[in-house]
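Please read the structure below before turning to the comments.
The values are calculated or read from the model by the stated rules, or taken from the named source; none is laboratory data. Small disclaimer: the values here were computed from a predicted structure and weren't measured. Counting neighbours? That spans all protein chains shown, and the Cβs are built from the backbone with ideal geometry, glycine included.
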Amino acid sequence: MCGPGAAVPGSNVHTSTRGAFMNHPQLPLGLALRDSARFASFFPGPNAEAVRCLQLAAVGEGETLVFLSGDTGLGKTHLLQAACHEAARREHAAAYLPLNELKSLSPELFDEMEAMQLLCIDDVDAIAGLPEWEAGLFHLFNRTRESGSRLLITGSGHVDRLGIKLPDLVSRLGWGVTYTLKPIDNDSVHMALMHRARSRGLELPEETAAFLLKRIPRDLPSVFTLLDRLDEASMVEQRRLTIPFVKAVLDEIC
């Protein structure tokens, strides 16, 4: 049985997307957005208003600056990558910058990013207390105001509790609309699992979903990572997601 601390193998790859300076000298090569990170696969639950706001921004409408806060595992990264996918689908230049992964590079990667129609900056608190990075992001804000770019930014908490030292940057982060993602309740995890399965065209019987949720942690990252693994296993084995098949997969990986 998978316990609350069990690790379920899965992919967690980040990147910039179409038109996002793939030849930018500061961006590492070999990055890719998760294909599964789409608006259609996100179960909005109590966050429908925030999702709708990001959907509008992705197509060049609505708010020009959105700050999304919330705990780990609520879907902030999924939503930013979904916005980049949607922008790219409409042939809008977009970039996704996961600062937690990029902060070992130079803040020069912000150079010319104001040319993007949509710029998604994930984990902004990762650069809190790093003067050059804070200054670089501050100047990028000013340039995007002139260029008309839309900014979607995430952080772990409210803008004034991120540990950012540059007051002007804190002020800029608070200029737009702010949403705090709320966790879905325990009863809605089953609905979220079924929603994700349907969005990927995966036939998941209700009784199999109920069995699965009794065997694994009910936090959404664990649930969705395991769903990815089951989808892969069912394609390789050419098997339906019956309870016996799911039990066999769980026994193998947990």
Worksheet item: Which of the residues that make up region 43-98 are in contact with a helix residue (DSSP H, G or I) (Cβ under 9 Å, 6 or more places away or on another chain), buried (at least 19 other Cβ atoms within 10 Å of the Cβ) and of a type in the set (S, T, Y)?
Response: S69, Y96
Worksheet, complete the sentence: Quick count over region 208-254, residues being among the hydroxyl-bearing types (S, T, Y) and over 20 Å from G73 (Cβ atoms), is 3
Worksheet entry | Long-range neighbours under 7 Å by Cβ, at least six apart or interchain, first residue surrounded by fewer than 17 Cβ atoms within 10 Å (Cβ to Cβ) within region 156-179, second part of a strand (DSSP E or B) and modelled with pLDDT of 95 or more | G157/S69; H158/S69; W175/L65; V177/V66
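Only one residue in V236, V189 is farther than 27 Å from G62 by Cβ, loosely packed, with under 13 Cβ neighbours inside 10 Å and β-branched (V, I, T). Which one?
That would be V236, the only listed residue that is farther than 27 Å from G62 by Cβ, loosely packed, with under 13 Cβ neighbours inside 10 Å and β-branched (V, I, T).
Which count do you get for residues in region 118-158 that are outside any strand (DSSP E or B) and closer than 14 Å to E63 by Cβ?
4
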Item to complete: Assess whether L241 counts as being part of a loop (DSSP other than H, G, I, E, B) and either under 21 Å from the mean Cα position of the chain (by Cα) or surrounded by 13 or more Cβ atoms within 10 Å (Cβ to Cβ) (or both).
Response: yes
Discussion item. I'm trying to understand the selection: among the residues of region 80-108, which are touching a residue at least 60 places away in the same chain (Cβ under 8 Å) and within 19 Å of G45 (Cα to Cα)?
Written reply: L80, Q81, A83
Discussion item. Show me the helices (runs of 4 or more DSSP H) found entirely inside region 27-115 where at least 1 residues are β-branched (V, I, T) and either in the same structural domain as W133 (by TED's automatic domain parsing) or modelled with pLDDT under 95 (or both).
Written reply: 48-58, 76-89
Discussion item. Would you confirm, using the coordinates I've provided, whether H24 is modelled with pLDDT under 90 and farther than 25 Å from S222 by Cα?
Written reply: yes
Worksheet item: On the given criteria, is K214 surrounded by fewer than 17 Cβ atoms within 10 Å (Cβ to Cβ) and either part of a strand (DSSP E or B) or within 18 Å of the chain's Cα centre (by Cα) (or both)?
Response: no
